[in-house]
Amino acid sequence: MCLGIPGEVIEILTDRPDLAKVDVSGVKRAINIGLLEGESVAPGDWVLIHVGFALSKIDEGEARAAMEFLESIGKAYEDEMAALAASRIEE
């Protein structure tokens, strides 16, 4: 199953403006925001992430609803979060 996971943008990496550091349920990692070209992305924004790429910007309400849904589906969500945690860039 492929999941899109919401994450909150923490910062845009100055040396790589196509990358942003995001927080997904406490896990921080760099994701590619290049697919959002033409959209303004800033700290505090929420994005929908799949395999390391931001697919779209979403609002906080959509992010919250998506996380509630993902948590409700159980194992697939847990597997996705374990894979995300394994790619952690900071504690």
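The values are calculated or read from the model by the stated rules, or taken from the named source; none is laboratory data. Predicted model, so just to flag it, every value in this text is computed and none were measured. Positions of Cβ are backbone-derived with ideal geometry, glycine not excepted, and every protein chain shown enters the neighbour counts.
The sole residue among Glu37, Glu68, Glu60 that is surrounded by 12 or more Cβ atoms within 10 Å (Cβ to Cβ) and out of contact with any Ser or Thr (no Cβ under 7 Å at 6 or more places or on another chain) is Glu60. When you scan the stretch 60-72, do you find a residue that is touching a helix residue (DSSP H, G or I) at 6+ places or on another chain (Cβ under 8 Å), under 15 Å from Asp18 (Cβ atoms) and among the charged types (D, E, K, R), even just one? No, the stretch 60-72 contains no residue that is touching a helix residue (DSSP H, G or I) at 6+ places or on another chain (Cβ under 8 Å), under 15 Å from Asp18 (Cβ atoms) and among the charged types (D, E, K, R). Total residues in the stretch 60-77 satisfying the condition of being within 15 Å of the chain's Cα centre (by Cα), over 14 Å from Val24 (Cβ atoms) and in contact (Cβ under 8 Å) with a residue 60 or more places away in the chain: the figure is 0. Within the stretch 72-88, not a single residue is of a type in the set (Lys, Arg) and either closer than 13 Å to Glu8 by Cα or surrounded by 17 or more Cβ atoms within 10 Å (Cβ to Cβ) (or both). Just so you know, in the stretch 1-10 the residues that are under 12 Å from Leu55 (Cβ atoms) and assigned to a loop (DSSP other than H, G, I, E, B) include one that is modelled with the lowest pLDDT, and it is Cys2.
Can you confirm whether the stretch 11-33 contains a residue that is assigned to a loop (DSSP other than H, G, I, E, B), β-branched (Val, Ile, Thr) and surrounded by 16 or more Cβ atoms within 10 Å (Cβ to Cβ)?
Within the stretch 11-33, one or more residues are assigned to a loop (DSSP other than H, G, I, E, B), β-branched (Val, Ile, Thr) and surrounded by 16 or more Cβ atoms within 10 Å (Cβ to Cβ).
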